[in-house]
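Notes to accompany the following structure.
No lab work stands behind these numbers, since they all come straight from the coordinates. Quantities reported herein were computed from a predicted structural model and do not represent experimental measurements. Methodologically, a virtual Cβ is constructed for each residue, glycine included, from the backbone with ideal geometry; neighbour enumeration extends over all protein chains shown.
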């Protein structure tokens, strides 16, 4: 993709509008060429306020929260159809902005979002927003009502799916949204405004403001915001949680991870090695759920390290627009230097470099890091404890299943994990013992129906599944005299 990325401005109250405040434009730099490929208007705290006010009015006075679930579902399905028409354009934009291999951009980054719109449309259509419960001295109507105005703050690594994980269920619930994309990927989010307008979403229900000085903080602290939904680093998430706690504001956090894949002694390595490679190096390792610690039964350890190292070394690295590429550049020079720093740390800690490293051959231009594997890693090393967010994997031996579970749990994080075994009962016992929000056995993945989210410092709340929808609902109970609800038409 060689064309300059186009900026529509901010999407507020159903219209494209110019940013105010006069802050310098956000420059979009290609991770592949290191050249400027676009500029985006930089929003101000005043723009954030305008967007929240539009969302507030749309929630308090507009039709969206009052619509039935099926009525909202119909709009979401129109949004999904409009999104599908733009899928290739979205894929190209995401790859240009953050360097994701085009094959991933054409699936996860640009197909999964429309699937999520359809998925949450189905839930909105069938969900029981009111239940009747018979009590001892009266009956109760238990209502699920939309949470209100949602500030959705999303990262750069999965800019489309990360945003839609919040936008789709929030809209399905009847809430209204202010979406703030990352400053590293500011262009692709504009597609949400385009599809909202085409689908007939009422004005103010979805608003988009780019990053700019104080914008994120303004959204988190705004009195007109009922809930903040954030995906990003644990450090930033802790600050957001603190601010929301002081305001008694609802908050969902999907944060960091250092997930462990456990390869039991009876695992089929012909399946486990490519399966873990796919999980570990997806999106060039820039994935919060990546299995970056691989725990291997000592009896299979050297066999696994040899096979895994060879598979990692063979991964095609290069131009992300080439369909053969498995690893593209990292999102920014800043991220590349962070990852390179961790590789130096690993060598300094005494881990054995199996493949990759900072001396490996990579293209001269672009923010590349070779796929890297460390073996002979102690569980307490920094490279085994801290989130690197790049293509760096550590392999750790264990002696029995109990030790594998202990090592997996020896982490401040608890986001994802996996077990590989020919004995599914054994793998399930391991899965039940690991403190993490998502677990995969032998590479199985249930898709959108299975909620994801973190234990410990990996976050608060869940996304995907019906649980991701319920995260945008408030529960109200109304007690009425016994027998009232049996009267024809009462409570309708």
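For region 260-447, give the share of DSSP beta bridges that are antiparallel, in percent and rounded to the nearest 5; count only bridges with both residues there. Within region 260-447, antiparallel bridges account for around 15 percent of the total.
Computed from the C-beta positions of residue 133 and residue 49 and an R0 of 51 Å, the FRET efficiency is 0.80 to the nearest 0.05. In the chain, the inverse of the mean reciprocal separation of distinct Cα atoms equals 23.6 Å; this is its Kirkwood hydrodynamic radius. What fraction of the DSSP beta bridges in the chain is antiparallel, stated in percent and rounded to the nearest 5? Of the beta bridges lying entirely in the chain, close to 45 percent run antiparallel. Based on C-alpha pairs under 8 angstrom that are at least 6 apart in sequence, the chain has a relative contact order of 18 percent. Once each part is reduced to its C-alpha centroid, what is the distance from region 75-92 to region 172-222 in angstrom? Region 75-92 and region 172-222 have Cα centres spaced 16 Å from each other.
Taking the C-alpha atoms only, the angle from helix 87-98 to the longest principal axis of the chain is near 60 degrees. For the peptides 297-303, 154-160, the ranking by mean Cβ contacts within 10 Å, running from highest to lowest, is 154-160, 297-303. Packing order of peptides 185-193, 422-430, 373-381, 324-332, highest average first: 185-193, 324-332, 373-381, 422-430 (average count of other Cβ atoms within 10 Å over each peptide's residues). Look at where the Cα atoms of region 24-70 and of region 4-23 average out, and the two centres are 8 Å apart.
In whole percent, what relative contact order does region 260-447 give with Cα contacts below 8 Å and a gap of six or more residues?
With pairs under 8 Å counted, the relative contact order is 28 percent.
Just rank 222, 109, fewest to most, by other beta-carbon atoms within 10 angstrom.
Taking fewest neighbouring Cβ atoms as first place, the list is 222, 109.
Just to confirm the number: angle between the C-alpha axis of helix 424-433 and the first principal axis of the chain, 0 to 90 degrees, nearest 10? Roughly 70 degrees, rounded to the nearest 10. List the residues of region 182-211 whose backbone N lies under 13 Å from a point placed 7 Å from the Cα of residue 15 along the Cα-to-Cβ direction. Answer for this model: 203-204.
For region 252-400, the mean projected area of the C-alpha convex hull, equal to one quarter of the hull surface, is 9.5 nm². Each peptide in 352-364, 273-285, 90-102 gets a packing score, the mean of other Cβ atoms within 10 Å over its residues, and the list from highest to lowest is 90-102, 273-285, 352-364.
Between the Cα long axis of helix 269-281 and the first principal axis of the chain there is an angle of about 60°, rounded to the nearest 10. In terms of surrounding Cβ atoms within a 10 Å radius of their Cβ, 343, 441 rank from fewest to most as 441, 343.
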